[in-house]
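Step one of this worksheet: look at the structure below.
The values are calculated or read from the model by the stated rules, or taken from the named source; none is laboratory data. From a predicted model like this one, the values you see are computed outputs, not experimental measurements. Using ideal geometry, Cβ is built from the backbone for each residue, glycine included, and neighbour counts are taken over all protein chains shown.
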Amino acid sequence: MNVIDLFAGAGGLSEGFRQEGFNVLAHVEMDIHASTTLKTREAYYYLKETNKIDIYKQYLRKEIDRDELYNHVPDYILDRVINKEVSDKTNPQIFKQIDEIVGDQHIDLIIGGPPCQAYSVAGRSRDPHGMKDDPRNYLYRQYIDFLRRYQPSYFVFENVIGLLSAGNGEIFKSIQNEMDSAGYDMDYRILNSNDFGVVQQRRRIIIIGWKKGIEFTYPEFTAPEANYTIRDLFQDLPSIKAGEEKKPGNGYKESANDFLGKTRIKPVDWDVLTQHIARPHRELDLEIYRYCVDIWNRERRKVRYNELPERLITHKNTNTFLDRFNVIPYEGISNTVVAHIAKDGHYYIHPDIEQNRSISVREAARIQSFPDDYYFETSRTSAFKQIGNAVPPLMARKIAEKIKSTLLN
């Protein structure tokens, strides 16, 4: 079950398919930090499959550097990651690299989602021209170019729900028409990651396409029976304060609960906690965090910016953007983790008033359902951005499971 992963990001979508046994032959990603994350993940899988996982753990514990880690991995494995922008200019070179990897193998599936800023409602509201002139509106055509060249049996195309309304709906109509002319039927749903067991509200459009002539119906997904919470998700992570990092190693404070094991967020026998690092904050922000958590604990309500004590209000605008600070509740689920988390953590305040900070990189990764053995290169800021842009692997895995059952029948 061979896969090409386009606009791969940090690899959340491909991770879910990989966990279901799909063979990801190539990832195409323009961002150098995300591409390095993908290479490190390829190294993880190779070393795990060759019983050399201790080398990967040495890297996580900073006992060896990245070059030394990669020296233990054959070039053909690392070369699966193609760090190039998808465009008319670069596609011939990308095709050539993929052709060398694929050889005479059939591609069963293409997965991926073009960058969503041009489709997002927030992105359109910030741009004076409503993103009408943004070339990213038409990256779906690049995706279709790959469909035409590799003729996969199926494809999965993920994006923000603003895709449906972008260009007054004309862009989505164009996608449907061009997919049709490329030889594919398609259907879509707006899916919420929480319905797949992810402890986060995250609504996205998932388009599934299949070659004309294949009998396929968009799958029905059943929500998990149990409703898990942030408390279940953070249960075994040690306390840290703002600006602190738990030194990479066996730093878990207790064994994992059933939820962490069942979802593979904490893989069986995994013992190296990494990237449990919290950003530093100004004293003013820390005071706001304490105030917001205190109000949440006592009154179970969120604090609007204009409700803060006067000494804590420094922005002149007290009429709009009043939900600037948000506590992630222990007894509930998280709001959507987005790439803006790389800029500040105000919308992701940790529920423990004693820790008094925004969430760590590892906590954000867990909210997105990435396993603890997943390492995000190359800095705290780039890690947050990659996590915020990703498809939750747990959601991707459930989609992969349905497609696999169709492919194998």
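Hey, any hits in the stretch 91-100 for a residue that's among the acidic types (Asp, Glu) and modelled with pLDDT of 95 or more? Quick ask: steps written out before the conclusion?
Step one: list which residues in the stretch 91-100 are among the acidic types (Asp, Glu), which gives 99-100.
If we keep only those that are modelled with pLDDT of 95 or more as well, we get 99-100.
Yes, because at least one residue in the stretch 91-100 is among the acidic types (Asp, Glu) and modelled with pLDDT of 95 or more.
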Exercise for the section: Kindly list, by first and then second residue, each pair from a residue in the stretch 234-251 that is over 15 Å from Asn356 (Cβ atoms) to a residue that is of a type in the set (Asp, Glu), limited to pairs with Cβ atoms under 6 Å and residues at least 6 apart or on different chains. Expected result: Asp236/Glu254; Asn250/Asp271
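Do you know which of the residues in the stretch 376-393 that are more than 8 Å from the chain's Cα centre (by Cα) and surrounded by 24 or more Cβ atoms within 10 Å (Cβ to Cβ) is nearest to Tyr44 (Cα to Cα)? Walk me through how you get there before you give the answer.
Restricting attention to the stretch 376-393, the residues satisfying the condition of being more than 8 Å from the chain's Cα centre (by Cα) are 376-385.
Okay, now just the ones that are also surrounded by 24 or more Cβ atoms within 10 Å (Cβ to Cβ), so 376, 383-384.
Details: Phe376: 12, Ala383: 17, Phe384: 20 Å.
Filtering the stretch 376-393 for residues that are more than 8 Å from the chain's Cα centre (by Cα) and surrounded by 24 or more Cβ atoms within 10 Å (Cβ to Cβ), the one nearest to Tyr44 (Cα to Cα) comes out as Phe376.
Out of Val198, Val272, Val268, report the one residue that is touching a Lys or Arg at 6+ places or on another chain (Cβ under 6 Å) and β-branched (Val, Ile, Thr).
Details: Val198 fails: touching a Lys or Arg at 6+ places or on another chain (Cβ under 6 Å); Val268 fails: touching a Lys or Arg at 6+ places or on another chain (Cβ under 6 Å).
Matching residue, one of Val198, Val272, Val268: Val272.
Being farther than 13 Å from Lys302 by Cα and part of a loop (DSSP other than H, G, I, E, B) is the filter here, so list the residues in the stretch 339-360 that pass it.
Of all residues in the stretch 339-360, those farther than 13 Å from Lys302 by Cα come to 339-345, 350, 352-360.
Result: Lys343, Asp344, Gly345, His350, Asp352, Ile353, Glu354, Gln355, Asn356, Arg357, Ile359, Ser360.
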Practice task
Could you check, for the stretch 122-139, whether at least one of its residues is within 23 Å of the chain's Cα centre (by Cα), part of a helix (DSSP H, G or I), more than 22 Å from Arg397 (Cβ to Cβ) and at pLDDT 85 or above?
Solution key: yes
Practice task
Could you list all residues from the stretch 193-213 that are surrounded by 16 or more Cβ atoms within 10 Å (Cβ to Cβ), under 23 Å from the mean Cα position of the chain (by Cα) and assigned to a strand (DSSP E or B)?
Solution key: Gln200, Arg204, Ile205, Ile206, Ile207, Ile208, Gly209
Exercise for the section: Give just the number: which of (1) closer than 20 Å to Ala396 by Cα; (2) out of contact with any strand residue (DSSP E or B) (no Cβ under 9 Å at 6 or more places or on another chain); (3) at pLDDT 95 or above; (4) in a helix (DSSP H, G or I) does Gly261 not satisfy? Expected result: (3)
Practice task
Within the stretch 180-202, work out how many residues are within 24 Å of Ala223 (Cβ to Cβ) and of a type in the set (Asp, Glu).
Solution key: 2
Fill in the blank from the handout: Within the stretch 328-343, restricting to residues that are of a type outside the set (Gly, Ala, Ser) and without any contact (Cβ under 8 Å) to a residue 60 or more places away in the chain, the one that is farthest from Gln386 (Cα to Cα) is Lys343
Completion exercise
Looking across the stretch 61-119 at residues that are in contact (Cβ under 8 Å) with a residue 60 or more places away in the chain and over 24 Å from the mean Cα position of the chain (by Cα), the single one that is nearest to Glu42 (Cα to Cα) is Ile101
